[in-house]
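These notes are about the structure you will find just below.
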Amino acid sequence: MKVSSFPIFTLKGVPSEAEVPSHQLMIKSGMIRKLSSGQYSWYPLGYKVVKKIEEVIRQELNNIGCREILMPTVQPAELWQDSDRWDKYGPELLRFKDRNNRDFCLGPTFEEVITDLVKNDVSSYKNLPINLFQISSKFRDEIRPRFGVMRAREFIMKDAYSFHESSICLDKTYELYKTAYKRIFERLMLDYTIVDADSGNIGGDVSHEFHIIADIGEDDLLLDKNMNGMNIEIAKVKYSEHDLSKLIKKSGLTHKKGIEVGHIFKLGQKYSTKMGASVTSNKSEVIDMFMGCYGIGVTRIVAAAIEQNYDDKGIIWPSSLSPFNAAIIEIDGNKNKNVRSLAQKLYDIMQSKKIDVILDDRQVTFGNKSKDWELIGVPNIFIIGKKESEEQLITFQRRADNKKEFVKLDDIEKLLEKLSI
Ligand code: ATP
Ligand code: MG
């Protein structure tokens, strides 16, 4: 890709409402722009990161037999009345009427829609278990949208749902998701932890959250030496204040802030009983299906990943998430043929190796280009100037420590192999 056909819009300053580093850097590097409170548009640079996360999630869910679907964003009120959540969910549920005066809401989560979908097509235990997921926009009218896409009103969530004939089968599947989630966060190269959690608005009695540890996290976690522990919300339900402080002292728990990026729930029969989602068992009994649901905050991960990976110059993407694996900066390529042809040579080599590379062919100064790519945070930066091009030399800058070295064009393939990009 070349910048001439991949518009980037970096900024010098940031709006004062961007309080945390990830929000500032996402605006500054031109990944997102605000539409209205808690709503953001994604430019190609930001959306490529979203797509990388989605791809890892897709692969790992497919590996455990979970298949992708897509459900409508606008949901009829009747389903929420069936599950008793129309009144209980509160003002976060954005409600409205259509031209026929029927009540609808924008989907904040999809337990009702999926239960309705599956119950109409499944009547026997022989069809179970079933595992389905979607990656789509959700809307929650958050009381305090903040930190950009971290707590947005409209955001992308992956939500998966499982249906079973028994709680034993649900338990087994729940563990499969837990393992798949671990693989997802490991592949995304994020520092995360898993905690016991409260099931909140979604329901059920067992749930675990996946958190990215960061000072600006909005959740309080109690963790032991091995980073196992619980969300303080659930600790407060389980223990009195006195017992909790005793427990913290005795077990040497530490208090850390976390950003919730995933949440898995054993729903049991909560929705199936209310919505009449039953099957015939192998003993010919009618049983309400056992369900699980499994969420990941796709767009929140982008912000959380930045909170773990930045310096004073900008973002430092882990290779798993970077919008590009390499950036080539040509200095005055429009004026200097040698520069342009060496840049093109390097670009062709990388393309032939299927490296996701961007060549900065804009007519702006080297200083501007260099600042932009440091800000955008591509891990490997290759610089080609007049003097170097005469000797077929390339400057290689590793974004992680900003160290620079000269590399001969002849040695570039060796370097690319070493970098394994
Ligand atoms: P929170 O406690 O942060 O409000 P939640 O527990 O209400 O989140 P879930 O219903 O568990 O959220 O949704 C699944 C995932 O969707 C969360 O783990 C989180 O990563 C993501 N998510 C939830 N709300 C938002 C939001 N307002 N903006 C961005 N991502 C969100
Ligand atoms: Mg949650």
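The values are calculated or read from the model by the stated rules, or taken from the named source; none is laboratory data. None of the values given here were measured: they were computed from a predicted structure. Here the Cβ positions follow ideal geometry from the backbone for every residue, glycine too, while neighbour counts run over all protein chains shown.
Please name all residue pairs, on different chains or six or more residues apart, with Cβ atoms under 7 Å, provided the first residue is in the stretch 294-316 and is away from ligand 2 (no atom under 16 Å from the Cβ) and the second residue is of a type in the set (Lys, Arg).
Listed pairs, sorted by first residue: ILE316/ARG399.
Residue by residue through the stretch 142-151, note down the ones that are within 13 Å of the chain's Cα centre (by Cα) and within 16 Å of ligand 2 (Cβ to nearest atom).
MET150, ARG151
If a residue has to be closer than 26 Å to LEU11 by Cα and in contact with a helix residue (DSSP H, G or I) (Cβ under 9 Å, 6 or more places away or on another chain) to count, how many in the stretch 336-368 make the cut?
9
Every residue, every condition in (1) under 26 Å from VAL49 (Cβ atoms); (2) surrounded by fewer than 16 Cβ atoms within 10 Å (Cβ to Cβ); (3) within 14 Å of ligand 2 (Cβ to nearest atom), yes or no:
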position: ARG153; (1), (2), (3): yes, no, no
position: PHE163; (1), (2), (3): no, no, no
position: THR193; (1), (2), (3): yes, no, no
position: ILE202; (1), (2), (3): no, no, yes
position: VAL206; (1), (2), (3): no, no, yes
position: HIS211; (1), (2), (3): yes, no, yes
position: ILE216; (1), (2), (3): yes, no, no
position: LYS238; (1), (2), (3): no, yes, no
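Of the residues GLU241, GLU307, GLU330, which is more than 30 Å from ASN131 (Cα to Cα), at pLDDT 95 or above and more than 28 Å from the chain's Cα centre (by Cα)?
Of GLU241, GLU307, GLU330, the one residue that is more than 30 Å from ASN131 (Cα to Cα), at pLDDT 95 or above and more than 28 Å from the chain's Cα centre (by Cα) is GLU330.
Suppose we keep only residues that are in contact with a strand residue (DSSP E or B) (Cβ under 7 Å, 6 or more places away or on another chain) and farther than 27 Å from LEU223 by Cβ within the stretch 139-151. Which one would you say is farthest from ligand 1 (Cβ to nearest atom)?
Only one residue fits best here, namely PHE139.
Only one of (1) farther than 24 Å from GLY268 by Cα; (2) surrounded by 19 or more Cβ atoms within 10 Å (Cβ to Cβ); (3) more than 15 Å from ligand 1 (Cβ to nearest atom) fails for MET189. Which number is that?
Just one mismatch for MET189, condition (2).
Yes or no: GLY200 at positive phi and in contact (Cβ under 8 Å) with a residue 40 or more places away in the chain?
Working: at positive phi: yes; in contact (Cβ under 8 Å) with a residue 40 or more places away in the chain: no.
Against the criterion (at positive phi and in contact (Cβ under 8 Å) with a residue 40 or more places away in the chain), GLY200 does not qualify.
From (1) part of a helix (DSSP H, G or I); (2) within 34 Å of the chain's Cα centre (by Cα); (3) under 18 Å from LYS2 (Cα atoms), pick out the condition that doesn't hold for ARG362.
Only one criterion is unmet by ARG362, namely (1).
I'd like the full set of residues that are outside any helix (DSSP H, G or I) and without any contact (Cβ under 8 Å) to a residue 60 or more places away in the chain, limited to the stretch 53-96.
Initially, the stretch 53-96 is screened for residues outside any helix (DSSP H, G or I), giving 64-76, 83-84, 89, 93-96.
Once the filter is applied, which keeps residues that are outside any helix (DSSP H, G or I) and without any contact (Cβ under 8 Å) to a residue 60 or more places away in the chain, the stretch 53-96 yields PRO72, VAL74, GLN75, PRO76, LEU93, LEU94, ARG95, PHE96.
Take the conditions closer than 24 Å to VAL302 by Cα and either part of a strand (DSSP E or B) or touching a residue at least 24 places away in the same chain (Cβ under 8 Å) (or both) and apply them to GLU19. Does it pass?
Criteria met by GLU19.
Suppose we filter the stretch 354-387 for residues that are in contact with a Gly (Cβ under 7 Å, 6 or more places away or on another chain) and buried (at least 24 other Cβ atoms within 10 Å of the Cβ); how many remain?
2
Just need a number here: residues in the stretch 162-186 that are away from ligand 1 (no atom under 16 Å from the Cβ) and either of a type outside the set (Ser, Thr, Tyr) or outside any loop (DSSP other than H, G, I, E, B) (or both).
Qualifying residue count, the stretch 162-186: 15.
List the pairs whose first member sits in the stretch 154-174 and is over 22 Å from ARG58 (Cα atoms), whose second member is part of a helix (DSSP H, G or I), and whose Cβ atoms are under 8 Å apart, counting only residues at least 6 apart or on separate chains?
So the pair list comes out as GLU165/TYR125.
Which residues, counting only those in the stretch 173-206, are in contact with a Leu (Cβ under 9 Å, 6 or more places away or on another chain), among the small types (Gly, Ala, Ser) and closer than 27 Å to LEU321 by Cβ?
ALA180
Any idea which of (1) surrounded by fewer than 16 Cβ atoms within 10 Å (Cβ to Cβ); (2) out of contact with any Lys or Arg (no Cβ under 6 Å at 6 or more places or on another chain) is the one VAL20 doesn't satisfy?
Single failed check for VAL20: (1).
When you go through (1) within 21 Å of GLY200 (Cα to Cα); (2) of a type in the set (Ser, Thr, Tyr); (3) surrounded by 13 or more Cβ atoms within 10 Å (Cβ to Cβ) one by one for SER278, which number turns out not to apply?
It is condition (1) that SER278 fails.
Is there a residue in the stretch 91-98 that is over 30 Å from ARG340 (Cβ atoms) and of a type in the set (A, V, I, L, M)?
Scanning the stretch 91-98 turns up at least one residue that is over 30 Å from ARG340 (Cβ atoms) and of a type in the set (A, V, I, L, M).
For ASN226, which of the numbered conditions (1) in contact with a helix residue (DSSP H, G or I) (Cβ under 7 Å, 6 or more places away or on another chain); (2) within 19 Å of LYS178 (Cβ to Cβ) fails to hold?
All conditions are met except number (1).
State the number of residues belonging to the stretch 22-44 that are part of a helix (DSSP H, G or I) and either farther than 24 Å from ILE216 by Cα or not assigned by TED's automatic domain parsing to the domain that holds ARG153 (or both).
1
Among what's in the stretch 98-141 and is over 21 Å from GLY276 (Cα atoms) and among the hydroxyl-bearing types (Ser, Thr, Tyr), pick the residue that is surrounded by the fewest Cβ atoms within 10 Å (Cβ to Cβ).
SER137
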